[in-house]
Amino acid sequence: MNIEHILVRYGEIALKGKNRNEFERALKGNINSVLRKIGSSRAKRTFGRLIVELNGDDPNVVISRLKDIFGIISLSVAVKTSHDVHDIQKVALQLMKEETAAKTFKVSARRSFKKTELDSQALNYEVGSYVLRNTDDITVDVHNPDVEISVEVREHGTYISAGKVQGRGGLPVGTSGKVMLMLSGGIDSPVAGYLAMKRGSIVEAVHFHSPPFTNERAKQKVIDLAKQLSLYGGAVRLHVVPFTEIQQEIHRQIPSYYAMTITRRMMLRITEKIAAEQGALALVNGESLGQVASQTLESLRAIEQAAEIPILRPLITMDKIEVMDIAKQIGTYETSILPYEDCCTIFLPEQSKTKPKLEKALQFETSLDIDAMVDKAVNNREPSLISSDSPIDNNFTELL
Ligand code: ATP
Ligand code: MG
């Protein structure tokens, strides 16, 4: 049987008016930028669906690459036939016979083209009873079927599919503007970046590096994490910021129990400035409430006052276990747990204030030439564009 199409389903409920149009356009663009690397198949928009015409490309390859694109709820390989109920019955039976492990099924018909003889109910009945008559040991289960045969009647024909592959949901990357991720080599920040991508953001990343106290391996780790993230959100522009001098200066000038607070404030200022240069509308980090001394409410407040740009914290209410589960599922965990020295831990004392006072931080900062320190770090950053060379690369370069 000739499988010619992939049906792409996306969230229809929450989308209205202009948003919907933008969503569909972005999703189609992202899908096609991936498909261009595979072969000649392309996505087309029809009412409430995107349909990929395969043009000879392998449906399994296409599905395996599309399932990680945000905005897609599910995907099915589909056979296109006429509006004639006999044709539909034959295709449905053939698809069902290929599902050798299935014991139960149901038929779900939907018509966006209403000028056919049978309505959805009648189609469900005619197709379901035909399959029952022509198979052994298979029964209908409308609540929890092993296989759902979907019959979609459209103006130019009927698309029939058996089963679906789940997508990741979310919004197409590019529909929510750009954010600047603070990417360490830890477990949390890559997950925060993934979640920002899931809500449609283009993610760029800033990493603070303190050579010779942090080594090339630590930098490579961050590059590997950015590469993994690029599978979901397209190429990631990474800015590696030299941070050694700033840390040394803080070490010299600031009492040790405020070093962490001031270090974080400097990181924020630098990231905010890079964000402004790159057109990012918010920062994203991996902070989770109460996890460490720098993540108490008092600390978060004393730190975030250093910047005006909104700071998104996708993990703020998550437990470490929840974050680790996501990290494993998106393929960043194994890299994140490799041993390395983080720039923040090197100069910092064993004990930091868990309830720093903003006034104190501001007072201590008067001994630093903040603008010069920030400008120097921003100007000396090393930018690079990281994308994966793995076969499931989603390189949405037109978004950058
Ligand atoms: P992570 O697992 O993401 O490192 P964490 O729980 O270890 O987070 P911290 O190390 O205190 O927490 O860092 C809090 C957040 O600050 C990180 O999630 C990250 O967004 C940012 N951050 C920390 N270190 C760096 C760094 N070297 N470069 C860029 N951002 C950093
Ligand atoms: Mg960390």
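Among the residues of the range 205-227, is any assigned by TED's automatic domain parsing to the domain that holds Pro339, within 12 Å of ligand 1 (Cβ to nearest atom), in a helix (DSSP H, G or I) and within 13 Å of Gly286 (Cα to Cα)? Within the range 205-227, none of the residues are assigned by TED's automatic domain parsing to the domain that holds Pro339, within 12 Å of ligand 1 (Cβ to nearest atom), in a helix (DSSP H, G or I) and within 13 Å of Gly286 (Cα to Cα). Cβ-Cβ distances below 6 Å connect the following pairs, each with a first residue in the range 104-122 that is under 15 Å from Arg154 (Cβ atoms) and assigned to a strand (DSSP E or B), a second residue that is of a type in the set (Val, Ile, Thr) and at pLDDT 90 or above, and a separation of six or more residues or different chains: Ala109/Val151; Arg111/Val153.
If we only count strands (runs of 3 or more DSSP E) wholly inside the range 157-200, which ones have 2 or more residues that are within 16 Å of ligand 2 (Cβ to nearest atom) and at pLDDT 95 or above? Spell out how you get there, then give the answer.
On the way: elements: 157-162, 165-169, 178-182.
Fully inside the range 157-200 and qualifying: 178-182.
Being outside the structural domain of Phe70 (by TED's automatic domain parsing), within 13 Å of ligand 1 (Cβ to nearest atom) and of a type outside the set (D, E, K, R) is the requirement here; does Val173 meet it? Criteria not met by Val173. Here the condition is being farther than 17 Å from Ala280 by Cα and among the aliphatic types (A, V, I, L, M); of Val165, Val173, it holds for Val165 alone.
Cβ-Cβ distances below 8 Å connect the following pairs, each with a first residue in the range 21-34 that is assigned by TED's automatic domain parsing to the domain that holds Arg9, a second residue that is at pLDDT below 90 and among the basic types (Lys, Arg), and a separation of six or more residues or different chains: Glu24/Arg45; Lys28/Arg45. For the range 268-375, the helices (runs of 4 or more DSSP H) that sit wholly inside it and include 2 or more residues that are closer than 21 Å to Val179 by Cα are 297-304, 320-330.
Condition check for Tyr257 on (1) more than 18 Å from Glu298 (Cβ to Cβ); (2) in contact (Cβ under 8 Å) with a residue 60 or more places away in the chain; (3) in a helix (DSSP H, G or I): one failure, at (1).
Taking every residue in the range 225-238 that is within 10 Å of Met197 (Cβ to Cβ) and pairing it with any residue that is assigned to a strand (DSSP E or B) and charged (D, E, K, R), at least 6 positions away or on another chain, the pairs with Cβ-Cβ distances below 7 Å are Val236/Glu204.
Taking (1) touching a His at 6+ places or on another chain (Cβ under 8 Å); (2) among the polar types (S, T, N, Q); (3) more than 25 Å from Lys320 (Cβ to Cβ) in turn, Ser184 satisfies each apart from (3). Considering the range 92-122, and only residues there that are within 37 Å of the chain's Cα centre (by Cα) and over 18 Å from Pro145 (Cβ atoms), the residue that is modelled with the lowest pLDDT turns out to be Ser112. Once the range 294-316 is narrowed to residues that are under 14 Å from Arg269 (Cα atoms) and β-branched (Val, Ile, Thr), the residue that is farthest from ligand 2 (Cβ to nearest atom) is Ile309.
The values are calculated or read from the model by the stated rules, or taken from the named source; none is laboratory data. Remember, it's a predicted structure, so these values are computed and weren't measured experimentally. We place every Cβ from the backbone using ideal geometry, glycine too, and count neighbours over all the protein chains shown.
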